[in-house]
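Worksheet for the structure shown next.
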Amino acid sequence: MTLRQSILLCSVSVPLALCALFVSRGTAEQAAVTQAQANPWMDSALPPDQRADLLQAQMTEDEQLQLVKGYYGANTSSPITKAAPENLRPILPKTSGFVPGIPRLGIPSLIETDAGVGIANHRGFRPGDQATALPSGIATAATWNPHMAYAAGSIIGTEARDHAFNVVLDGALNLARDPRGGRTFEYAGEDPLLAGTIAGSQVRGIQSQHVISTVKHFAFNDQETGRFVFSAEIDEGAARQSDLLAFEIAIERGDPGAVMCAYNRYGGAYSCESGFLLNGVLKRDWNYKGWVLSDWGAVHSTIPSANAGLDQESASGFDKTEFFGAPLKQAISDGKVARERLHDMVHRILRTMFAKGIFDYPMTKTDSNLEADRAVAEQDAEQAIVLLKNTNAMLPIAKTVHNIAIIGSHADIGMLAGGGSSQVIPTGHDQADEFPVGGAVQRLPSGAQLRPTGVKIYDPPSPLAALQAEVPGARVTYDSGVDLQNAAALARQSDVVIVFVEQWMTEGRDVPNLSLPGNQDALIAAVVAANPRTIVVLETGGPVLMPWLDQVPAVLAAWYAGSGGATALARILFGDVNPSGKLPITFPQGVDQLPRPVLPSGRAPFDIDYREGANVGYRWFEWRNLKPLFPFGYGLSYSTFRIDSMQVQGGETIHVNVDVTNSGSRQGMETVQAYATPPDASDRAVPRLIGWGKVDLKPGETRRVTISADPRLFAEFDEARHVWHLPDGQYAVAVGNSSASLPLAATVQLSARDLPP
């Protein structure tokens, strides 16, 4: 309706309120038409690429160069080597990164926030700014629920918009090749299908709120030790079938606006100047339309990086020197970087900004609905917590219990969160409850020193408060666990004991081993000796060793459970919620079972031999005939489930149908998993996850689960012919509820065929 039509309508018998609405709407529509006429790229009916072309045609070369170089988003000179220009400092958003916009053309600034588990405020740059802490990435992967990952992503996207941040640095999915990796908690486990599906779903949820999300760190940033210098050595076929396949699936499912290249090297080349990774795999083979931005401090050159496919230098002050900006302008002038290359960089950024709604849905700061967001975080945690052991139905705890002892891990404050750039200042956080952590000094590529000193933060509410709320008539007593004798004495006086133990992980360093730090193993041993009715809750970033496992009747993996974690845990412990989490990562019996028992390290550049190739995690254990402590895909329930009536069909791919029945007395969810082994005579032909179905069943209910597999999951990548190849033959298919429990088996014939890379 035009403005003239609105005014004419108001001249007849129309209520005043409706008249005002029509005029307002007509005025807004007329303004949009006027804007589109003056700036044709603002016509939202046009395709993003066309809008980008129209806008880019109006840009000077200097304006284009401005868009491909970012700055640290806070006014500080540490650990960066060069602060943002003086004119930008008053408008820096006190966050991870900032790319100034171009007001004369209406191009908004890109305001970037870390957000691996929620809107980060890592160094407390924004005092008093709190956000919802979602469960850690590995926890969300433990839900095996893409819908839950999408919901968690939508919370991150919503709160990013509320903060007026339009680029979210999330989508972390480097495969867990080593469980000691310091960022294992941020990532989505060890399997490419699971990791890609969960991360892609979360990215899609983030971008549903008209903000841009990344996927990161492309590629092979699988450990923190030596992350600035190590080179991942793995042949292309194995790389395509593991880490790269995880990214490919995430990009297909999530359509992220940007891909962040990593610190480390691959095949000797730095990730951000790897033509193989950026121009070859990402942009040519996968036909990726978004842009590539660097990790903070990951750029080492101007000409090689630009020509290899890097589109934007992030937070340029982190690098040894400025590489885009003036040096890139000179390289273009000298003909060493083509002007067409700069055009491509800028086009990718602009078309993504149009495609994801950055132009059409302007940001304005507003208050978040933190209570509603916390409820989603709680649901995520409920499905993420994994019941590892439950001897003699120790759990759930009867609500008639009188005396409960809560011991260890600051369970009177909150639940542990991971550290580093993803760290959220959670809703209800009290700075007095922070616990400083020191660490070894690391050297940035620039030569600056970075001490990975951080703080342990515990996300409220506390388990103590949540458990007391579940059983208000019981006496719930807390002990720190520092004094083993005091802890044991409290345990003897209690009907049930819940021991919280922790393993803190953070960006910038790996954990030295898989043992619980400090005296926590001894604490568990002392408590269970005093009271055999002891439950252990693991607040960890990944697997840990459990020398006390045989003595403890019940163990739960709670991961870093976020703002809703304590409530979710209490509801599981008392049976309000039936646990349904499944492990997204194998728990080994010791580091001697890992492909590299000693973490490779060094200050000078060094290589890491990925001798396991594509056989990451459970596939390594199967290949080497190793028995883990707990297998991939494992998780118990308070109910029991029967899987039967399996049917398998072949042809161009594998189709699996099975019935799942809740044969227990409680409603609950089961995750049915299908694995396939290709007809390969080599010793690397081991089962691979090809799909799953998570179903919620009432007692006695049966549901049919159908799985249609992506053929890349059981294909081999043929490097010579540059194709995925499925050999003709019989493929073994197995179905069950973990990688080590696959009671149903069949074979299926597939015809040979090739698939594009």
* Structure fact -> Phi-derived 3J(HN,Hα) across segment 749-754 with the Karplus relation (6.51, -1.76, 1.60, θ = phi - 60°), rounded Hz, x for Gly and Pro, is 8, 10, 8, 5, 6, 10
* Asked: Sorted by packing (mean other beta-carbon atoms within 10 Å per residue), highest first, where do 274-287, 465-478 land?
  -> 274-287, 465-478
* **Rounded if a/c under 1.5, otherwise prolate or oblate - segment 137-228, Cα gyration tensor axes** => oblate
* How much net charge surrounds residue 580 when only other residues with a Cβ under 10 Å from its Cβ are counted (Lys, Arg +1; Asp, Glu -1)? -> -1
* Asked: Cα extents of segment 69-167 along the three principal axes, largest first, in whole Å?
  -> 47, 33, 24
* Asked: Extension gain residue 746-residue 45, at 0.36 nm per residue separation less the Cα-Cα distance, in nm?
  -> 247.3 nm
* Which percentage, to the nearest 5, of the DSSP beta bridges contained in segment 164-313 is antiparallel? -> 15 percent
* Calculate I(q)/I(0) for segment 664-737 by the Debye formula, one identical point scatterer on each C-alpha and no solvent, and give its log10 at q = 0.12, 0.24, 0.25 Å⁻¹ to two decimals. => -0.45, -1.09, -1.14
* Structure fact -> On the formula 1/(1 + (r/R0)^6), with r taken between the Cβ atoms of residue 371 and residue 642 and R0 of 30 Å, the FRET efficiency rounded to 0.05 is 0.15
* Structure fact -> Volume per residue (Å³) of the convex hull spanned by the alpha carbons of segment 617-757 is 105 Å³
* Calculated FRET value between residue 412 and residue 720, using beta carbons and R₀ = 45 Å, to 0.05 -> 0.15
* Asked: Once amide H atoms are placed 1.01 Å from N in the peptide plane, what residues at a sequence separation of 5 or more from residue 119, or on another chain, have their amide H within under 5 Å of its amide H?
  -> 132
* How much of the DSSP beta bridge set in segment 518-667 is antiparallel, as a percent to the nearest 5? -> 65 percent
* To do: Take every DSSP beta bridge whose two residues both sit in the chain, then give the antiparallel share in percent to the nearest 5.
  => 60 percent
* Structure fact -> Rounded to a whole %, the carbon-and-sulfur portion of the accessible area of the chain at a 1.4 Å probe is 51 percent
* For a quick protection proxy, order the peptides 107-119, 580-592, 64-76 by their average other-Cβ count within 10 Å, most packed first. => 107-119, 580-592, 64-76
* Structure fact -> Square roots of five times the C-alpha gyration tensor eigenvalues of segment 206-277, ordered largest first and given in whole Å, equal 23, 14, 10
* Asked: Short version: ³J(HN,Hα) in whole Hz for each residue of segment 531-547, in order, from phi by Karplus 6.51 cos²θ - 1.76 cosθ + 1.60 (θ = phi - 60°), x for Gly and Pro, what are they?
  -> 8, x, 8, 10, 10, 10, 10, 8, 9, 9, x, x, x, 9, 7, 9, x
* **Length-normalised contact order for the chain - Cα pairs under 8 Å, 6+ apart - percent** => 14 percent
* To do: Return the long-range amide H neighbours of residue 564 (sequence gap of 5 or more, or a different chain), with a cut-off of under 5 Å between placed amide H atoms.
  => 378
* To do: At 1.4 Å probe size, with every protein chain present, just tell me what the per residue accessible area of the chain comes to in Å².
  => 36 Å²
* Interchain or long-range residues, amide H under 5 Å from residue 691's placed H -> 674
* Structure fact -> Rounded to one decimal in Å, the inverse mean reciprocal Cα-Cα distance for the chain, i.e. its Kirkwood radius, is 27.2 Å
* Structure fact -> Summed over the other residues with a beta carbon less than 14 angstrom from that of residue 561, with K and R at +1 and D and E at -1, the charge totals -4
* segment 346-433: radius of gyration over Cα atoms, expressed as a fraction of 2.2 N^0.38 Å -> 1.75
* Relative contact order for segment 49-124 using alpha-carbon pairs under 8 Å, separation at least 6, rounded to a whole percent? -> 25 percent
* Structure fact -> In Å, the Kirkwood hydrodynamic radius from C-alpha pairs for segment 184-237 sits at 13.1 Å
* How many nm separate the modelled label positions at residue 208 and residue 593, each set 7 Å beyond the Cα in the direction of the Cβ? -> 3.7 nm
* Asked: Could you give the semi-axes, largest first, of the ellipsoid that matches segment 290-334, computed as the square roots of 5 times the alpha carbon gyration tensor eigenvalues and rounded to whole Å?
  -> 16, 13, 8
* So what are the ³J(HN,Hα) numbers for segment 568-580, from phi and the Karplus equation (6.51, -1.76, 1.60; θ = phi - 60°), rounded to whole Hz, Gly and Pro as x? -> 4, 4, 4, 5, 6, 4, 9, x, 5, 10, 8, x, 9
* Asked: Taking 0.36 nm per residue of separation and subtracting the Cα-Cα distance, what length does fully extending residue 88 through residue 105 add?
  -> 4.3 nm
* Structure fact -> Between residue 402 and residue 604, the FRET efficiency computed from the C-beta separation at R0 = 56 Å comes out, to the nearest 0.05, as 0.35
* Structure fact -> The relative contact order of segment 212-287, taking Cα pairs under 8 Å that sit 6 or more residues apart, comes to a percentage of 44 percent
* If all Cα-Cα distances of segment 605-653 are sorted into 10 Å bins from 0 onward, what percent lands in each bin, rounded to whole numbers? -> 16, 25, 36, 16, 5, 1
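The values are calculated or read from the model by the stated rules, or taken from the named source; none is laboratory data. The structure presented is a predicted model; accordingly, all values stated were derived computationally and were not measured. Quick reminder, even Gly has a Cβ in these numbers, built from the backbone with ideal geometry, and neighbours come from all protein chains shown. We work out accessible area using only protein heavy atoms, side chains counted, and drop any ligands, DNA or RNA first. Shrake-Rupley method; radii C 1.70, N 1.55, O 1.52, S 1.80 Å.
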